[in-house]
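I have placed the structure first, in the form of structure tokens, so that the comments after it can refer back to it.
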Amino acid sequence: MTLFWILAFLTVPAALTVVLHRNPVYSALALVFTLFQVAIMFVALEAYLIAFLQVIIYAGAILVLILFAIMLLSLEPEEPSPERSTMRAWGWGVAALLMLELGAVASMEHGASPAQAGPKDFGSVTSVATELFSTHLLPFELTSILLLVALVGAVVLARRRS
Amino acid sequence: MEVLFTFGKVVFAFLIVLQLTLILLWVERKGSALIQDRVGANRANIFGGVLPFNLGIVNTWMADPLKLFHKEDIVPEAADQFLHWFAPWIAILPLFVTFAVIPFGDVLVAGGYTINLQAAELDLGILYILAMLSLAVYGVVVGGWASNSRYSFLGGVRGTAQMISYEIPMGLALVSVVLTYGTIDFQQIARDQGELMFGILPAWGVFYQPIALVVLFIAGMAESKRVPFDLPEAESELVAGFYTEYSGSKQSVFMMADFVEVAIVAALVTTLFFGGWQVPYLYRDGFQFPGGFDIALPSLLVTVLQVASFLVKLFLFCWLQILVRWSLPRLRYDQLMELGWKRLLPLALINVAVTAVMVLLLDGRTIP
């Protein structure tokens, strides 16, 4: 529990930086940091596989590409403008609404029994892989086809322009 | 006591990396001299030449780091001060911790304790390595961006493109290795290689997965961003690439990160393809040569031999990389991308497919 609070005190400011910082590069790096902290939380919960996948896929691949795009487009830090402050007001409103909803749900679930511990090898590479490639094989293959379509689409679009 | 052992193992693994970077710095300077028919670094001495001879390896082992860390640290005014300071650390920290999962020996049984000679006894070793290596890109990107210079920026962008491109064949090469051994635990993989093939040949990964070895070695060298893959820091085009604006200790941290990466690639190749700490025909109670010729050895000596074997192999593959670095010219950028995407990637993919079929046919492993 102590570890959770330490991580929470590091994660929440980092997550706020992602949204509030004017410089997109800092936002992206703060997001990397946030994802890494969440991965450590997974490790603390002994969910090692999810922790490593989180780092490999989000921190190591997706965020690198986002950072790459930000740098190639050389996005400048945002300047304050009336349009921006209207959007910010809307953002705070929606965020407050979501917070309220989350709080309501959390207080409703409060009386429920604590989650049952899974089987011993729950979340291990073997059990996840067995589940993924037997029970959930069709959704898995469909997802990969979806990704392939997106990939081919991106190549086609890039070809057409040049 | 357990805590003490763990602490000892972590310190030992960390020292391997730290010392190796310094030794490699010396080997690189002297080795390149050897290759280019020069004398190489020979000026360092203690107390201004009191000794009648120069101190050889002490040259760079002690003098170079001292010099590097005492140089003036110049930060460009237009740079992003915080990120400029932070980038070298992002580059090196994930690499330092990577070594923790590499086993440097079998279990050591002494005084009633059984010590697994692996700093972090993690059974998800390969995923851990992939996770940490994928974080190493940030040092290059952030360093290039924070310097606020065209050269640095171009170097950073090139570095990112190169590293994420070569991560894919590297990952696929690891997949075929995992398929062969059926585990992602480095210690288990090293242990499996202690068996014999046809009763005589040690069952090292190189005999099962030669293609994966080639792919992993090339991709690993590309990840370490050294010649012939040093496009991010190509001095004839980009001054020094992503660390043009770095000096003093920060620049040397970047340099150190390159050497640590060399050591990691060597450790991966050693552990996955050359038996890790295995000595051929050496078992827990001594040598058992084929043909019924046995030599019994105390368990402590066996452990020492294993660790020595690991270190020798590790060093050999570091040397091989330095040899390549001083022998081959730099690739052109399009050649680099072509090698990664059009050669290594299909090769690695075919290798994975063939391995999967072979495992299914020969091993009799069934799909649950």
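The values are calculated or read from the model by the stated rules, or taken from the named source; none is laboratory data. All values derive from a computational prediction rather than experimental measurement. Don't worry about glycine lacking a Cβ; one is built from the backbone with ideal geometry, like all the others, and counts go over all protein chains shown.
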Quick check on my filter: what residues within the range A:19-37 are facing chain B (nearest Cβ under 10 Å), hydrophobic (A, V, I, L, M, F, W, C) and either in contact with a Pro (Cβ under 9 Å, 6 or more places away or on another chain) or within 14 Å of B:Asp80 (Cα to Cα) (or both)?
A:Val25, A:Leu29
In this structure, does B:Leu179 turn out to be more than 10 Å from chain A (Cβ to nearest Cβ) and either on the phi < 0 side of the Ramachandran plot or assigned to a helix (DSSP H, G or I) (or both)?
yes
Which one is modelled with the highest pLDDT among residues in the range A:71-119 that are farther than 30 Å from B:Asn148 by Cβ and assigned to a loop (DSSP other than H, G, I, E, B)?
A:Pro119
Hey, among B:Phe259, B:Phe254, B:Phe287, which residue is assigned to a strand (DSSP E or B) and buried (at least 16 other Cβ atoms within 10 Å of the Cβ)?
B:Phe287
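Output the residues belonging to the range A:125-134 that are within 11 Å of chain B (Cβ to nearest Cβ) and either over 23 Å from the mean Cα position of the chain (by Cα) or surrounded by fewer than 13 Cβ atoms within 10 Å (Cβ to Cβ) (or both).
A:Thr126, A:Ser127, A:Ala129, A:Thr130, A:Glu131, A:Phe133, A:Ser134 - these are the residues of the range A:125-134 that are within 11 Å of chain B (Cβ to nearest Cβ) and either over 23 Å from the mean Cα position of the chain (by Cα) or surrounded by fewer than 13 Cβ atoms within 10 Å (Cβ to Cβ) (or both).
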Conditions: (1) in contact with a Gly (Cβ under 9 Å, 6 or more places away or on another chain); (2) modelled with pLDDT of 85 or more. A:Ala47 meets all but one. Number of the miss?
(2)
Quick one: would you say B:Ser134 is of a type in the set (S, T, N, Q) and in contact (Cβ under 8 Å) with a residue 60 or more places away in the chain?
no
Across the range B:127-154, which residue is surrounded by the most Cβ atoms within 10 Å (Cβ to Cβ) among those that are more than 11 Å from chain A (Cβ to nearest Cβ) and assigned to a helix (DSSP H, G or I)?
B:Gly143
Among the numbered criteria (1) surrounded by 10 or more Cβ atoms within 10 Å (Cβ to Cβ); (2) without any contact (Cβ under 8 Å) to a residue 12 or more places away in the chain; (3) within 14 Å of chain B (Cβ to nearest Cβ), which single criterion is violated by A:Leu102?
(3)
Restricting attention to the range B:8-42, which residues are assigned to a loop (DSSP other than H, G, I, E, B) and either without any contact (Cβ under 8 Å) to a residue 12 or more places away in the chain or among the acidic types (Asp, Glu) (or both)?
B:Asp37, B:Arg38, B:Val39, B:Gly40
May I ask you to verify whether A:Ala39 is at pLDDT 85 or above, surrounded by 14 or more Cβ atoms within 10 Å (Cβ to Cβ) and on the phi < 0 side of the Ramachandran plot?
yes
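For B:Ile218, are the conditions met, namely being surrounded by fewer than 19 Cβ atoms within 10 Å (Cβ to Cβ), in contact (Cβ under 8 Å) with a residue 24 or more places away in the chain and either assigned to a helix (DSSP H, G or I) or not hydrophobic (A, V, I, L, M, F, W, C) (or both)?
Considered against the rule, which asks whether it is surrounded by fewer than 19 Cβ atoms within 10 Å (Cβ to Cβ), in contact (Cβ under 8 Å) with a residue 24 or more places away in the chain and either assigned to a helix (DSSP H, G or I) or not hydrophobic (A, V, I, L, M, F, W, C) (or both), B:Ile218 comes out as no.
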Please give the helices (runs of 4 or more DSSP H) falling wholly within the range A:1-70 in which 3 or more residues are among the polar types (S, T, N, Q).
A:2-20, A:24-44
Based on what the data block shows, is B:Ser224 within 14 Å of chain A (Cβ to nearest Cβ) and touching a residue at least 60 places away in the same chain (Cβ under 8 Å)?
no
For B:Ile211, state whether it is closer than 25 Å to B:Leu336 by Cβ, away from chain A (no Cβ under 14 Å), in contact (Cβ under 8 Å) with a residue 24 or more places away in the chain and surrounded by fewer than 20 Cβ atoms within 10 Å (Cβ to Cβ).
yes
Considering (1) among the β-branched types (Val, Ile, Thr); (2) more than 14 Å from every other protein chain (Cβ to nearest Cβ); (3) surrounded by fewer than 22 Cβ atoms within 10 Å (Cβ to Cβ), say which one B:Val157 fails and leave the rest.
(2)
Can you tell me how many residues within the range A:123-162 are assigned to a loop (DSSP other than H, G, I, E, B) and either assigned by TED's automatic domain parsing to the domain that holds A:Phe42 or touching a residue at least 12 places away in the same chain (Cβ under 8 Å) (or both)?
2
Against the conditions (1) more than 14 Å from every other protein chain (Cβ to nearest Cβ); (2) modelled with pLDDT of 80 or more, where does A:Phe122 fall short? Just the number, please.
(2)
Answer yes if at least one residue in the range B:88-109 is away from chain A (no Cβ under 14 Å), in contact (Cβ under 8 Å) with a residue 40 or more places away in the chain, over 30 Å from A:Val128 (Cβ atoms) and part of a helix (DSSP H, G or I), and no otherwise.
yes
Test B:Ser309 against the stated conditions and say whether it is of a type in the set (Ser, Thr, Tyr) and in contact with a Lys or Arg (Cβ under 8 Å, 6 or more places away or on another chain).
no
Hey, among the residues in the range A:135-162 that are within 22 Å of the chain's Cα centre (by Cα) and among the small types (Gly, Ala, Ser), which one's farthest from A:Ile50 (Cα to Cα)?
A:Ala150
Within the range A:54-73, is there a residue that is more than 7 Å from chain B (Cβ to nearest Cβ), in contact (Cβ under 8 Å) with a residue 40 or more places away in the chain and either under 20 Å from B:Ala91 (Cβ atoms) or in contact with a strand residue (DSSP E or B) (Cβ under 6 Å, 6 or more places away or on another chain) (or both)?
yes
Is there a residue in the range A:19-30 that is among the β-branched types (Val, Ile, Thr) and surrounded by fewer than 19 Cβ atoms within 10 Å (Cβ to Cβ)?
yes
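Would you confirm, using the coordinates I've provided, whether A:Thr143 is surrounded by 10 or more Cβ atoms within 10 Å (Cβ to Cβ), within 22 Å of A:Phe42 (Cβ to Cβ) and modelled with pLDDT of 90 or more?
Here the answer is yes, as A:Thr143 does meet what is asked.
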Number of the condition not met by B:Gly143 [criteria: (1) free of Cβ contacts under 8 Å to residues at least 60 places away in the same chain; (2) touching a His at 6+ places or on another chain (Cβ under 8 Å)]
(1)
